[in-house]
1. Working out 0.36 nm times the residue gap between TYR13 and LEU134, then minus their Cα-Cα distance, what length gain in nm do you get to one decimal?
2. Below 12 angstrom from the Cβ of ALA194, what's the summed charge of the other residues (Lys, Arg +1; Asp, Glu -1)?
3. Structure shown: which of LYS2/LYS195; LYS50/LYS216; LYS20/LYS193; LYS145/LYS216 lie over 32 Å apart, alpha-carbon to alpha-carbon?
4. For a protection proxy built on the mean count of beta-carbon atoms within 10 angstrom, sort 82-91, 173-182, 152-161 highest first, please.
5. Amide H of CYS88 versus every other amide H placed in the peptide plane: which residues, excluding those fewer than 5 positions away on the same chain, fall under 5 Å?
6. Using unit Cβ charges (K, R positive; D, E negative) and no other charged atoms, how large, in debye to the nearest 20, is the dipole of the chain about its Cα centre?
7. Peptides 217-223, 105-111: what's the order by average Cβ count within 10 Å, highest mean first?
8. Could you give the nm distance between label points at SER21 and ASN125, where each point is 7 Å from its Cα heading toward the beta carbon?
Amino acid sequence: MKIIVAVKRVVDYNVKVRVKSDHSGVETANIKMSMNPFDEIAIEEAVRLKEKGVASEIIAVSCGVAQCQETLRTALAIGADRAILVECSELLQPLAVAKLLKALVAREQPGLIILGKQAIDDDCNQTGQMLAALANLPQVTFASKLDIADGMATVSREVDGGSETLQVTLPAVVTADLRLNEPRYVTLPNIMKAKKKPLEILKPADLGVDVTPRLKTLRVSEPPVRSAGMLVPDVATLVAKLRTQAKVI
Ligand code: AMP
């Protein structure tokens, strides 16, 4: 069984993001970029399935600028067998990525497609769901446990007040939540091996997909700065201030 894993290049989670001066988006020039953390979990899960003998090949896919090749090399170092970059310089919205992934699913015929539950830059949480709808595949989102047997995926997902277990027939789309696994550290020998693994570069037109944005961002702004707190000398003053000044926001 082949597995496709979608990996997005995002601003590293340790970076404090800054809004561009023209308010058109966030600053990404000269900033550390990394693989979306949920996509690392998705790749790790695919590699574990290959180690168990369930999967035969893992294909990592990224859509975006040429530098996404670095993200794909990381996926190859974690254990993917080959990579595909759908290269384009436009900012891709979830619908465009879902259409590109759908075209690759039609080409590669995987048994399973794993995505992260959401990208930490846009927090959209849409691509997996849109892909499943467009490709007419069953989907389970926010997976925290995944078992594959007899052409079925049994997936646990955390829901309010507990855990829900769903079973879907393969091929299916699964999106990875935080507790699915703990990704391994990438070792130097695997980074070296990853350099020799195949990485194919396509354009959206090669897949017959129009990636023109459908949504327009009007303005991006920083959250309001919190006003400073104050120290009070004693409990009586505190109670008085709570009575007269405290507001429920
Ligand atoms: P989102 O819907 O934007 O929150 O993204 C959810 C998931 O879709 C991510 O965790 C990735 O697995 C996948 N994804 C989104 N955008 C891209 C992209 N440009 N390239 C590859 N995968 C992506």
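The values are calculated or read from the model by the stated rules, or taken from the named source; none is laboratory data. All values reported here derive from a predicted model rather than from experimental measurement. Every residue, glycine among them, receives a Cβ derived from its backbone with ideal geometry; neighbour counts consider all protein chains shown. Just the protein is used for accessible areas: all its heavy atoms, side chains included, with ligands, DNA and RNA removed. Shrake-Rupley method; radii C 1.70, N 1.55, O 1.52, S 1.80 Å.
1. Values: separation 121, 0.36 × 121 = 43.56 nm, distance 3.01 nm.
Here the answer is 40.6 nm.
2. Values: positive: ARG73, ARG82, LYS193, LYS195, LYS196, LYS197; negative: GLU70, ASP81.
Computed value for this residue: +4.
3. LYS50/LYS216; LYS20/LYS193; LYS145/LYS216
4. Values: 82-91: 18.3, 173-182: 21.9, 152-161: 15.0.
Result, highest mean first: 173-182, 82-91, 152-161.
5. When sequence neighbours closer than 5 places are left aside, the close amide H contacts are GLY64, VAL65.
6. Details: 32 positive and 29 negative charges, 89 e Å.
Result for the chain is approximately 420 debye, rounded to the nearest 20.
7. Details: 217-223: 9.0, 105-111: 15.6.
Highest-to-lowest ranking by the protection proxy: 105-111, 217-223.
8. It is 3.6 nm.
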